[in-house]
Amino acid sequence: MPVNYSKHYVIHKMKRKYTVTDRLITKITGWIAGIIIICLAIWGIYSLWEYRTYEYTNDAQIQEYVNPVISRAGGFIVAVKFEENQIVKKGDTLLLIDNREYVIQQAQTEASIQKEIAHLKVLESNIRTIEDAAASNKAQISASKARVWKQELENERYEKLYKEESATKQQLEAVQASLEVYKNEYLASIKSYEASESKVEDIKAEKEVVKAEIERLKALLERHKLDVSYTVITASYNGRMGRRTVEVGQMINLGEVLAFIVDNETDKWVVANYKETQIANMQLGDTVEFVADAFPNKKYKGKIISFSPATGSSFSLLPPDNATGNFVKIVQRVPVRIKVEGDKKEIDKLKVGMNVNVYIPKHNG
């Protein structure tokens, strides 16, 4: 049977081709595997060095003071002077509340003060009038006393004349009656004087009440002025506005949160939640390096300024109670506060709540 040499030649050629391709693939695969092994070795060595040199955690966030803008007066919003994310300066007007009711209350209190001041003037005038009447009554007492004294002498003389039968019984009785009238007038003038003095003291006491009422109204007026000032809500410090929750025409209540403002006047810091087993290798004042997830190619510097007095779980709403019999040991986290240091422009890029990776150099012992 004849042999087909063309067919055998083709098969042999294909086998040679596949062999060269396999060798090339094997060679490339070997190089790639070698590179991967070298990279893993370098990464492992670096990770081991990093582990021995630094205490590391990725459970850390940027923090700074974010304060709510709270209304100290209720009413309708008539103007909103800011937008979300806007930079504001201390004293800038943020919101205006309808102040007409508060202005009316202030005017009413001012009118009440004027009324009490006028009342005080009337009392002072009454005191002067009654003091003049008291002085007249005092003079009347002297005149009545003189008349009584004169009538007593007249009475003694008529009694002698009556005994000597030089005066009639009727004349003596007339003189005695006049004496009694003068005595009663004298007593009445004394009572009138005492009443006038008592009335003056009463009015003086009433004056003190009116003065106290004026002071109370003045304090109330200051409160109303404060209420009027509270209808203009301003920025308490330089910062950046956060979320806005109000609009013109909205009715707000006293104490309601209207917006949030991030304080630019205070430093930023990092709260790094380290395992309790890592704290022994840290000290106050240690220099810290951290990298933000948002800027992986930028290293930031910081300094440890404080350690939390308790673990994070101890400050939770329902702290764990290990005495219940269901104890499972869990490594706790201790918040470490780190002040961010460096160029302000670079620091400003860090926003509240950003995740960061923190590296703190270890201390022996």
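The values are calculated or read from the model by the stated rules, or taken from the named source; none is laboratory data. For clarity, every value in this text was computed on a predicted model and none was experimentally measured. Cβ placement follows ideal geometry from the backbone for every residue including glycine, while neighbour counts extend to all protein chains displayed.
Values for this structure:
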read-out	value
Residue count, segment 103-122 (criterion: under 19 Å from GLY75 (Cα atoms) and not polar (S, T, N, Q))	3
Of all residues making up segment 70-100, the number that are among the aromatic types (Phe, Trp, Tyr) and assigned to a strand (DSSP E or B)	1
GLU185 vs. criteria acidic (Asp, Glu), over 40 Å from the mean Cα position of the chain (by Cα) and loosely packed, with under 15 Cβ neighbours inside 10 Å	no
Test result for GLU131, of a type outside the set (A, V, I, L, M), over 18 Å from SER198 (Cα atoms) and assigned to a helix (DSSP H, G or I)	no
Criterion violated by GLU124 - all others in (1) of a type in the set (Asp, Glu); (2) over 30 Å from LEU221 (Cα atoms); (3) touching a residue at least 24 places away in the same chain (Cβ under 8 Å) satisfied	(2)
Matching entry among SER136, SER192, SER198 (being crowded, with 16+ Cβ neighbours inside 10 Å and over 50 Å from the mean Cα position of the chain (by Cα))	SER192
Residue match in segment 299-308 (condition: of a type outside the set (S, T, N, Q), assigned by TED's automatic domain parsing to the domain that holds VAL356 and outside any strand (DSSP E or B))	no
Meets criteria (within 30 Å of PHE295 (Cα to Cα), touching a helix residue (DSSP H, G or I) at 6+ places or on another chain (Cβ under 7 Å) and surrounded by 12 or more Cβ atoms within 10 Å (Cβ to Cβ)) for GLU110	no
Check on GLU213, within 30 Å of GLN114 (Cβ to Cβ), modelled with pLDDT of 90 or more and in contact with a His (Cβ under 9 Å, 6 or more places away or on another chain)	yes
From the options SER308, SER314, residue that is touching a Pro at 6+ places or on another chain (Cβ under 6 Å) and free of Cβ contacts under 8 Å to residues at least 40 places away in the same chain	SER308
Search result, residues across segment 236-279 that are more than 24 Å from the chain's Cα centre (by Cα) and among the hydrophobic types (A, V, I, L, M, F, W, C)	VAL248, VAL270, VAL271, ALA272, ILE279
Hits in segment 79-102 (condition: exposed (fewer than 14 other Cβ atoms within 10 Å of the Cβ) and among the aliphatic types (A, V, I, L, M))	ALA79, ILE87
